[in-house]
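This report concerns only the one structure given below.
Please treat every number below as a calculation from the coordinates, not as lab data. Everything numeric here is computed off the predicted structure, so don't read it as measured data. Cβ placement follows ideal geometry from the backbone for every residue including glycine, while neighbour counts extend to all protein chains displayed.
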Amino acid sequence: MKGTRRLNRFGSKSFGKLHNDINKAVDSVMSTSGEVSSLVYAEHLLNLIETQDDNNLNKFLKNLLSNYDIDTKKLAKDVKNYSSEKTEENLIKINNSSEPKWVELFRRLNSTSNGTYRLVKLRERIRSLNNPELKTFDSGLLNLFKYWFNPSFLVLEKIDWETPANILEKIIEYEAVHEINSWDDLRARLAPTDRQCFAFFHPLIPDDPLIFVEVALCLGIPKSIQKIIKIDRDEIDIEEANTAIFYSISNCHNGLLGISFGNFLIKKVAKNLKRELPDLNQFLTLSPIPGLMKWMEEYAPITFERCTDKNCSDEELMKKTIKYLTESDRDDGLPNDPVGRFHIGNGASLERINLNADLSEKGLSQSYGIMANYLYDLDVVEENHELFFKNKIVQTSNEIKTLKKTYKN
């Protein structure tokens, strides 16, 4: 409301009435042409939208869809005109008439105080309504966000123990892979020089990260997440480190689902670390395998029952995990596991599978404690990316290839 009060002091009354009827408020935003008056009306409307309960928000969005959708008759006329006379003017008319009018409304709302962040939160609410009739708003906002959150706009910042507390609190809140249970826990991940964290920020949302990745600088490849996130451990000299382990990557806003920040973040951080620490020669993840146990329930039920009774052999576990991570049961041919889809699609290769790597309750329930290392070889990562989407073959290390052949024999 602060932004509205500030604008009112500059004479918003001269622009007309600020309607409390939300649909009339929409009309005011869409009918005005003055820059300042448009801002006043848009701020007022966004405030109204944010006060709606779920039921009224549903009604408002349905009304918006009815009154500010594409004018199909005008579009058909514009297409007909362009088909007979292919001029720039006629093409512009098609571009304008083929876009729903509510898209322009969201653009105007974006110009308000903190409007970009507030629209991200609005998309979160729309998604939470779980109403198929409103999916067009979900996809429409996503298309706008893909322009507004273009990677070239994003700012990479290092998060450490000196970062302002309001941002550190968000790191605790948003951590999605390995829960941060205390400030001591957070300190162990940020204060030592061999534990680092990097985040992307948007210039219009400077105090709220979009995505962040936590990195462990190590000697060799650790086989357990417990060793990485342990609070009491011996810190190493980062000048001696030869391996960077990306052990947690967290997207911070459900309203930005569908925008892939992670691929740019990992590659940018890896290149920055290599520049600062030339002796780093390995960049890998230590990744969860969140879909493994569900897959085993469906595709290997006998093995699954034995695993839950803790009577499953290491060999059988390894065999099933390799099959799950390298062979697709999906119609699109992409990797079964969501984390695997991200890293393989990003140009990484499956390097190693680690048994008993995450013995937390979450790790055991998702994957019986198994984790995977995905290798980011900066020399071939882009080539791998292109190759994967061409042939859908998961790139693997010689170790994985050997194990796979062994299990087939």
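Could you work out how far helix 381-391 tilts from the main Cα principal axis of the chain, as a 0 to 90 degree angle to the nearest 10?
Tilt relative to the chain: about 80 degrees.
Can you give the percent of C-alpha pairs in the stretch 292-408 whose distance is more than 23 Å?
Working: 1946 of 6786 pairs.
In whole percent, the share of Cα-Cα pairs in the stretch 292-408 beyond 23 Å is 29.
Positive end of the dipole of the stretch 238-281, charges at C-beta (+1 Lys, Arg; -1 Asp, Glu), about the Cα centre: which of Ala241, Ser260, Asn272 has its Cα farthest in that direction?
It is Ser260, whose Cα lies furthest towards the positive end.
Can you give the calculated 222 nm mean residue ellipticity of the chain, where each DSSP H run of n ≥ 4 adds -39,500 (n - 2.57) and the sum is split over every residue, rounded to the nearest 500 deg cm²/dmol?
Working: 20 runs with 214 residues, N = 409.
Mean residue ellipticity, 222 nm, calculated: -15500 deg cm²/dmol.
Under a 10 Å cutoff between Cα atoms, tell me which one of Asp332, Asp358, Asp279 has the largest fluctuation in the Gaussian network model of the chain.
Fluctuation is largest for Asp332.
Taking amide hydrogens as modeled 1.01 Å from N in the peptide plane, which residues meet the under 5 Å criterion relative to Ile159, leaving out close sequence neighbours?
Result for Ile159 returns Cys197, Phe198, Ala199.
Treating the angle as unsigned and between 0 and 90°, give the value, to the nearest 10°, between the Cα long axis of helix 165-174 and the longest Cα principal axis of the chain.
Roughly 70 degrees between the two axes.
Please list the non-local residues whose amide H lies under 5 Å from the amide H of Ile289, H modeled 1.01 Å from N, same-chain partners needing a gap of 5 or more.
none
Checking the table Lys59/Lys80; Lys24/Lys59; Lys24/Lys146; Lys59/Lys135 against a 24 Å threshold on Cα-Cα, which pairs fail?
Lys59/Lys80; Lys24/Lys146
Given (i) 21.5; (ii) 24.5; (iii) 23.0 as candidate values of Kirkwood radius over Cα pairs in Å, which corresponds to the one derived from the coordinates?
Working out Kirkwood radius over Cα pairs in Å from the coordinates points to (ii).
How many percent of DSSP beta bridges within the chain run antiparallel, rounded to 5? Show your work: numbers first, answer last.
Details: 27 of 32 bridges.
Here the share of antiparallel DSSP bridges comes out near 85 percent.
Mind listing the phi-derived Karplus ³J(HN,Hα) values for the stretch 82-88, rounded to whole Hz, using 6.51, -1.76 and 1.60 with θ = phi - 60°, and x for any glycine or proline?
For the stretch 82-88, the Karplus curve yields 5, 5, 8, 8, 7, 9, 4 Hz.
Test of understanding: in a Gaussian network model of the chain with alpha carbons linked when under 10 Å, which of Leu142, Leu75, Leu129 would top the mean-square fluctuation ranking?
Between Leu142, Leu75, Leu129, it is Leu75 that shows the largest mean-square fluctuation.
Might you report the magnitude of the Cβ-based charge dipole of the chain about its Cα centre, with Lys and Arg at +1 and Asp and Glu at -1, to the nearest 20 debye?
On the way: 55 positive and 60 negative charges, 316 e Å.
Dipole of the chain, to the nearest 20 debye: 1520 debye.
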